[in-house]
Amino acid sequence: MNDPIEIAPGVRIPLSEIELRTSRSSGPGGQHANVTASRVEAVFVVESSTTLSEDLKARLTARAGARVTGSAQDTRSQLRNRELALERLRARLRSALATRRRRHPTKPTAASRGRRLEGKRRRSDLKRARRRPSSED
């Protein structure tokens, strides 16, 4: 996994810009006899990136913060946890960089307006039927 991480089409981050930290895991691998530092945390500092453009950095900072992290302590293997942490970091960066589709406001159809008004009429008739008869009736 020494090749760069592809976040979006045409957007790659080299592993040299991602800091990998290890520590003792509280889950699997943290309690066995020959204790290992199996927990892995992948940290990407947005501002220090040399590969991202300024607008991508601004979008990432606005949506995910100045530091984006992904950590894993799921398995006893540090190598597998490293892969999982990098994958989680990639997923966070992808979701932060994704451009959201523009919403196009829609209008209610004639049929839906008719159904709404018919429901209101029925409810009104029901409530009118519950009232006390007036002196005119």
Report yes if some residue within the stretch 45-54 is touching a strand residue (DSSP E or B) at 6+ places or on another chain (Cβ under 7 Å), farther than 12 Å from E17 by Cβ and β-branched (V, I, T); otherwise report no.
no
I'd like to know if the stretch 96-104 contains one or more residues that are part of a helix (DSSP H, G or I) and in contact (Cβ under 8 Å) with a residue 60 or more places away in the chain.
yes
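Residues are listed down the side, and each one gets a yes or a no for (1) assigned to a helix (DSSP H, G or I); (2) under 19 Å from the mean Cα position of the chain (by Cα):
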{"position": "A37", "(1), (2)": "no, no"}
{"position": "V43", "(1), (2)": "no, yes"}
{"position": "K57", "(1), (2)": "yes, yes"}
{"position": "T75", "(1), (2)": "no, no"}
{"position": "L89", "(1), (2)": "yes, yes"}
Give me a count of the residues in the stretch 94-111 that are surrounded by 10 or more Cβ atoms within 10 Å (Cβ to Cβ) and farther than 30 Å from L52 by Cβ.
1
Within the stretch 45-88, how many residues turn out to be among the aliphatic types (A, V, I, L, M) and touching a residue at least 60 places away in the same chain (Cβ under 8 Å)?
2
Suppose we filter the stretch 9-44 for residues that are at pLDDT below 85 and not hydroxyl-bearing (S, T, Y); how many remain?
11
Check whether at least one residue in the stretch 48-70 is farther than 25 Å from P4 by Cβ and crowded, with 16+ Cβ neighbours inside 10 Å, and report yes or no.
no
Have a look at R90, R101, R123, R116 and point out the one that is under 25 Å from P14 (Cα atoms) and among the basic types (K, R).
R90
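The values are calculated or read from the model by the stated rules, or taken from the named source; none is laboratory data. Bear in mind that the values here come from a model prediction, so they are computed numbers and not experimental data. Note: ideal-geometry Cβ built from the backbone for every residue, glycine included; neighbour counts use all protein chains shown.
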